[in-house]
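**Q** I am attaching a structure below and will ask some questions about it afterwards.
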Amino acid sequence: MHGASFTVPFMVALVLFMIVPLAYAIYNSLYTSRLIGGTSFSGLDNYRQTLGSGDFWSGVVRTVVYAVIQIPVMLVIAFFFATIFDLGLVKGGRVFRTIFFIPFAVPAVVGAVMWSFILEPQFGPVTRLAKALGFGEVNFFSSNLVLPSIIVIVIWEWTGYNMVILYTALKSVPRDVVESAILDGAPLHRIILGVKLPMVRPAIVMLLFLNTIGALQLFTEPLILSYFQNSAISINWTPALYIYNTAVGGGQYNLAAAAAVVLGLVIVAISTASLLFRRSKGEVS
């Protein structure tokens, strides 16, 4: 009984901030509000409209492309630096780990605004550097380069977080396994790729699923960049932007609620798949 009482604060928070909003969103998604006629029950009409919306699905496709590029690149960079710190190849590793982690501590809005000024088409230092190197006038906010720009920003923001988790996983690899590989004459790259990498696979799988869920919620970075050049980022650029602009910009709160429920179900499906996959591998009980 005393043990169960410790879960009460968590359960209260879960109900107030998760269950109740979710139930309210589902309730709203089943109705339609009109200026003339008021609010009426519409059943699954909002879901049909969402699933049949080309704007919604174009945002989903764009987000998938973003995730396919951003997540592997970020994890490779994070694993590279985690390995360097784990092997002690850099003096002052604790200081450098802190420096790499600092971008994660910077609020996403602040980081996106900072990078917006760095990549600004006319006066940004990176733009001036590109021009000095002979690349001409480079607009990093153009329709062709805005996605790579956002990928760079998010990699900068989240690599430190992923690196710390992978570094912790690498430190948990038994030393006798590594020492045996060294005694067998295995080169450094074989020790990293053949010994350490397979043993931290559970952490990599977990980060893969977590970052996929995060990619589906991409919102802050494209929203901030849209203020600098809105022609490159539409109001439906990602599913999260579609939901936001449908509700706030279009005043279609019921339709936005349906889209939010759809996106939430996709995230729940990914989370469930992650749990089942890790359980099948014996990584969780």
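**Q** Of the accessible area of the chain, with the probe set at 1.4 angstrom, what percent is carbon plus sulfur?
**A** 70
**Q** Shifting gears a bit: Take the alpha carbon gyration tensor of region 174-282, find the square roots of its eigenvalues, order them as a ≥ b ≥ c, and report rounded if a/c is under 1.5; if not, report prolate when a/b exceeds b/c, else oblate.
**A** oblate
**Q** Only helical DSSP H runs with n ≥ 4 go in: add -39500 (n - 2.57) per run for the chain, normalise by residue count and round the 222 nm mean residue ellipticity to 500 deg cm²/dmol.
**A** -21000 deg cm²/dmol
**Q** Just the Cα atoms of region 90-129: what Rg and Dmax do they give in Å?
**A** Expressed in Å, the Cα Rg and Dmax of region 90-129 come to 13.8, 39.
**Q** Now a separate question. Hey, what angle do you get for helix 253-280 against the long axis of the chain, alpha-carbon based, 0 to 90 degrees rounded to 10?
**A** The answer is roughly 30 degrees.
**Q** Another question about this same structure. So which chymotrypsin sites (Phe, Trp or Tyr not before Pro) in region 223-285 pass both tests, a DSSP loop state and at most 14 other Cβ atoms within 10 Å of the Cβ?
**A** Tyr227
**Q** Mind ordering 201-209, 79-87 by average Cβ neighbours within 10 Å, highest first?
**A** The packing order, highest mean first, is 79-87, 201-209.
**Q** Run down the aspartates and glutamates and flag those whose C-alpha is under 17 Å from the C-alpha of Lys171, throwing out any fewer than 8 positions away in its chain.
**A** Correct list for Lys171: Asp86, Glu179.
**Q** To the nearest 10 degrees, how steep is helix 54-87 against the longest Cα principal axis of the chain, on a 0 to 90 scale?
**A** On a 0 to 90 degree scale, this one is about 20.
**Q** Further question: So between Ile213 and Thr98, what do we pick up on full extension, going 0.36 nm a residue minus the alpha carbon distance?
**A** Between Ile213 and Thr98, full extension yields 38.9 nm more.
**Q** Also, quick follow-up: When only C-alpha pairs under 8 Å and at least 6 residues apart count, what is the relative contact order of region 3-138, in percent?
**A** Normalised by residue count, the contact order of region 3-138 is 7 percent.
**Q** If you count only protein heavy atoms with a 1.4 Å probe, what accessible area per residue comes out for region 32-182, rounded to a whole Å²?
**A** 57
**Q** Now for a different question. Starting from the 7 Å offset along Cα-to-Cβ, what nm value, one decimal, do you get for the label separation of Phe135 and Phe10?
**A** 4.7
**Q** Using bins 10 angstrom wide from zero, how does P(r) for the chain break down, in % of all Cα pairs?
**A** With a bin width of 10 Å, the distribution comes to 6, 20, 27, 24, 15, 6, 1, 0, 0.
**Q** By how many nm would the segment from His189 to Val126 grow when fully extended, if each residue of separation counts as 0.36 nm and the alpha-carbon distance is taken off?
**A** 19.3 nm
The values are calculated or read from the model by the stated rules, or taken from the named source; none is laboratory data. Worth saying up front: this structure is predicted, and the values here are computed from it rather than measured. For neighbour counting, all protein chains shown are included, and Cβ atoms are generated from backbone atoms with ideal geometry for every residue, glycine included. Surface areas here come from the heavy atoms of the whole protein model, side chains and all, with no ligands, DNA or RNA. Shrake-Rupley method; radii C 1.70, N 1.55, O 1.52, S 1.80 Å.
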